[in-house]
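**Q** Pasting a structure here, questions to come.
The values are calculated or read from the model by the stated rules, or taken from the named source; none is laboratory data. Here the structure is a predicted model, which means the values were calculated and not measured. Glycine also receives a Cβ, built like all others from the backbone with ideal geometry; neighbour counts cover every protein chain displayed.
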């Protein structure tokens, strides 16, 4: 039995319903909320602010620190042990790298920009939701950025190529599955994050990434709307 | 053939195309990629001749030469005071620029400004490494005692001050408070307690509603309602400016 129809009736290139809002955390210098399906992420940006311990400072340019955190109740019933773990550390690191390629921190030597990503609810694609939220939050913080970053997971379920896998698809057992989070910039379509879990052929991978590109465009529109909406009316 | 594709005062987001061709050039907040100019931040577009710049609408304060700020003394060194500027960088207040008085060699510096004091000072120099110098030799630059200090969005400071200080002087007139608005987003208010509250609420209101037109008028009405007094001498033309 092969996977020919997505279990929730979506088209192969159809994303889950999205929602985005900018400026949700008043205390932060910049903040954003991004929701895709049942996965939602809050991102708060603080800074540029001074950085201690001093040995972490870079006199050439500012540094970016990301923290990805799933809240204890964010899973599907099981309590998630709070705090950092190996998975969260890795995701924090890749988030940082995927955002750093658009950020210009030359103006902030010895300082730090902190990005906190909290996920109150997760159902697959959480690192992508986190990156989408963080990208909007960084823009909201007034930082110099070349472009926005949008991210989505693509992959195969059985023999079908799909975008934005949900948990049931990630956990599909009757065939091979590959889950590939991709992050891209808008203008140049540079890939700033590409990871993979599962198995896939080269041809399929190339096709999947192309699908991701189209999906990122859709996400970009949502991010753009949210950002403009916050500042609309402000001259 | 070059062409500007955005309107003046339009809100743009990072990576948005602003202009095509080599006849225009990017100023602060925008960058060129091949022949096109893109926005480098969220902000408002200003077209100044051939230069296109994007003015930020949000974000933390960055020290700039000439800004009058409210800073907090955090350390006392051999040669002066170190002050915290509500930004990523602290500033140095050297002895010679600290007061108009003569400071004796070996004098106890904390008797001038102690740790924890707030001062109004002016930024005199910012280096590429963001080493900041401040001075307090101009009139109006002083140590703040009493009153209350709170922070506002740095990008809204020009609106709180108003054209030639019209907004802040209206609040001063209505509440009888002494007010200092620092460019770094710190505001100091001193007066009768009830009036202090009115002044704080008014400034918060300006911060929140600064983008809605007719601000001066609305604030005037708000102040009259809160103080139950008629405000005199607010000129008609000021009521229509959008600062």
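**Q** Specify the residue that is nearest to the other protein chains (Cβ to nearest Cβ); the eligible residues are those in segment B:67-110 that are outside any strand (DSSP E or B) and in contact with a helix residue (DSSP H, G or I) (Cβ under 7 Å, 6 or more places away or on another chain). Even if it seems obvious, please write down each step before you answer.
**A** Going residue by residue through segment B:67-110, those that are outside any strand (DSSP E or B) are B:67, B:78-79, B:85-86, B:88-89, B:95-110.
From what is left, the residues that are in contact with a helix residue (DSSP H, G or I) (Cβ under 7 Å, 6 or more places away or on another chain) are B:79, B:103.
On the way: B:79: 21, B:103: 28 Å.
Result: B:79.
**Q** Taking the stated definitions as given, is residue B:64 outside any strand (DSSP E or B), surrounded by fewer than 16 Cβ atoms within 10 Å (Cβ to Cβ), modelled with pLDDT under 90 and within 14 Å of chain A (Cβ to nearest Cβ)? Reasoning before the result, please.
**A** Working: outside any strand (DSSP E or B): yes; surrounded by fewer than 16 Cβ atoms within 10 Å (Cβ to Cβ): yes; modelled with pLDDT under 90: no; within 14 Å of chain A (Cβ to nearest Cβ): yes.
The answer is no for residue B:64.
**Q** Select from segment B:39-51 the residues that are more than 7 Å from chain A (Cβ to nearest Cβ) and under 20 Å from residue A:148 (Cα atoms) and write down the one among them that is surrounded by the fewest Cβ atoms within 10 Å (Cβ to Cβ). Give the steps one after another, and end with the answer.
**A** Of segment B:39-51, the ones more than 7 Å from chain A (Cβ to nearest Cβ) are B:39, B:43, B:45-51.
Adding the requirement that they be under 20 Å from residue A:148 (Cα atoms) leaves B:39, B:43, B:45.
Numbers: B:39: 28, B:43: 26, B:45: 22.
Filtering first and then ranking leaves B:45.
**Q** Further, regarding this structure: Any idea which of (1) touching a residue at least 40 places away in the same chain (Cβ under 8 Å); (2) more than 14 Å from chain B (Cβ to nearest Cβ); (3) in a helix (DSSP H, G or I) is the one residue A:161 doesn't satisfy?
**A** (3)
**Q** Would you pick out the residues in segment A:96-127 that are assigned to a loop (DSSP other than H, G, I, E, B) and at the interface with chain B (Cβ under 9 Å from one of its Cβ atoms)?
**A** A:102, A:104, A:107, A:108, A:109, A:110
**Q** Has segment A:188-199 got at least one residue that is touching a helix residue (DSSP H, G or I) at 6+ places or on another chain (Cβ under 9 Å), modelled with pLDDT under 95, over 19 Å from residue A:19 (Cα atoms) and within 12 Å of chain B (Cβ to nearest Cβ)?
**A** yes
**Q** Only residues that are within 14 Å of chain B (Cβ to nearest Cβ) and within 22 Å of the chain's Cα centre (by Cα): list them for segment A:55-83, please.
**A** Result: A:62, A:63, A:64, A:65.
**Q** Please identify the pairs in which a residue from segment B:164-184 that is free of Cβ contacts under 8 Å to residues at least 60 places away in the same chain has its Cβ atom under 6 Å from the Cβ atom of a residue that is part of a strand (DSSP E or B), counting only partners at least 6 apart or on another chain.
**A** Sorted first by the residue in segment B:164-184, then by its partner, the pairs are B:168/B:179; B:168/B:181; B:172/B:179; B:177/B:189; B:178/B:190; B:179/B:189; B:181/B:187.
**Q** For segment B:191-238, name all the residues that are at pLDDT 90 or above, outside any helix (DSSP H, G or I) and touching a helix residue (DSSP H, G or I) at 6+ places or on another chain (Cβ under 7 Å).
**A** The one that is at pLDDT 90 or above, outside any helix (DSSP H, G or I) and touching a helix residue (DSSP H, G or I) at 6+ places or on another chain (Cβ under 7 Å): B:191.
**Q** Could I ask something else about it? Say whether the condition of being in contact (Cβ under 8 Å) with a residue 40 or more places away in the chain and in contact with a helix residue (DSSP H, G or I) (Cβ under 6 Å, 6 or more places away or on another chain) is met by at least one residue in segment A:52-66. Outline the logic, then answer.
**A** From segment A:52-66, those in contact (Cβ under 8 Å) with a residue 40 or more places away in the chain are A:56-66; that's our starting set.
Now narrow it down to the ones that are in contact with a helix residue (DSSP H, G or I) (Cβ under 6 Å, 6 or more places away or on another chain): A:64, A:66.
For segment A:52-66, residues in contact (Cβ under 8 Å) with a residue 40 or more places away in the chain and in contact with a helix residue (DSSP H, G or I) (Cβ under 6 Å, 6 or more places away or on another chain): present.
**Q** Could you list, in sequence order, the residues of segment B:8-50 that are without any contact (Cβ under 8 Å) to a residue 24 or more places away in the chain and under 17 Å from residue A:223 (Cα atoms)?
**A** Matches in segment B:8-50: B:16, B:17.
**Q** Looking at this structure, is residue A:174 more than 14 Å from every other protein chain (Cβ to nearest Cβ) and part of a loop (DSSP other than H, G, I, E, B)?
**A** yes
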